Amino acid sequence: MSKSNDQKFKNLSKYTFILFISETGIGSVLHGFKIPLSGHLLSLNQSFWLTRLTLQNKRKEDSNHAAQVSSILKSLSPTGKKLTPMLAISMQGFLFHLPLYFGINSLTLIVAGVFLSLWAFIQPLLIYLMIFGKSLLDVAQYFLEKLNEVIPFVPSDLSIILLLFIVIKILFSIFVSLFALKIDDQKEKQFAEKIENQYSISFNKPKKEKTFLKGLFFDLTRPLFLATFSLTILFFYFSESHYSKTIWSTLRPLASAIIIFSFLRLYPTEKILKLFKNDSTNKRLLENILKKIKSDS
């Protein structure tokens, strides 16, 4: 490894570690205080650090390496779920590096941040479509029609609200990208040191994790799931004539939710490590950061 490549690998290790501990630290705080839309906040954090890494190394693939390894390291998080944040970090890193194939400059980095930010809208929708299937769309259409009888509106009104929310997220993403592009290296260093100090204080402190059953119960009592499931029950109650069909139609998404949430908590993330080749950048990067974590513990 040349001196230039050696320095770039050190930068890659540094920013991957910072991304991991900042995601873990911020994620634990948001999880502890049950802050809504936490995934959107975490995506902005990831965008900032991937932008800084790309500016330093000038290599498009490094942002993807950092995201994939950080997603695996997320399995070490002391609180919260594991696989859904891991999926988010991984996919956001993949989306971030796509525009960089057109070159690394201010414009492509801003576009990369926007690409990354949109995944926070897509992932929850995909998961709930897996749980409720086509009935999720039927429920939404049914209650929108009922709501329209009380408060007249046209579908474009809801589309405008959703579009407005997306535009606001994009504007925040652009602001974060511009901030990452303009921030002084010394200020970034001080910011990173504060994060690392917080890591040494809080992350290494032993924390009691939820048992599997408590964690599963927590997933099933999340407001978004409860609201969606309750609306599904009401929909089938008022639209179906047979009680047996109503019961079956509501038990099916509940069973799906239990299976999916259980999988998200029980899946052995160590299996992901076997996907790496022995000489791959991801494997060397992961080994390097795990060594640092072990030495700091």
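The values are calculated or read from the model by the stated rules, or taken from the named source; none is laboratory data. Keep in mind that this is a model prediction, so the values were computed, not measured. Please note: Cβ atoms are built from the backbone with ideal geometry, for glycine as well, and neighbour counts cover all protein chains shown.
Do we have any residue at all in region 203-216 that's modelled with pLDDT of 65 or more, surrounded by 11 or more Cβ atoms within 10 Å (Cβ to Cβ) and out of contact with any His (no Cβ under 9 Å at 6 or more places or on another chain)? Yes: region 203-216 contains one or more residues that are modelled with pLDDT of 65 or more, surrounded by 11 or more Cβ atoms within 10 Å (Cβ to Cβ) and out of contact with any His (no Cβ under 9 Å at 6 or more places or on another chain). Residues in region 111-122: is at least one over 15 Å from Gln46 (Cβ atoms), modelled with pLDDT of 95 or more and surrounded by 12 or more Cβ atoms within 10 Å (Cβ to Cβ)? Yes.
Going by the structure shown, is Thr246 surrounded by 15 or more Cβ atoms within 10 Å (Cβ to Cβ), closer than 20 Å to Gly39 by Cα, in contact with a helix residue (DSSP H, G or I) (Cβ under 8 Å, 6 or more places away or on another chain) and modelled with pLDDT under 70?
Working: surrounded by 15 or more Cβ atoms within 10 Å (Cβ to Cβ): yes; closer than 20 Å to Gly39 by Cα: no; in contact with a helix residue (DSSP H, G or I) (Cβ under 8 Å, 6 or more places away or on another chain): yes; modelled with pLDDT under 70: yes.
The answer is no for Thr246.
For region 22-66, a tally of residues being modelled with pLDDT of 85 or more and of a type outside the set (Gly, Ala, Ser) returns 23.
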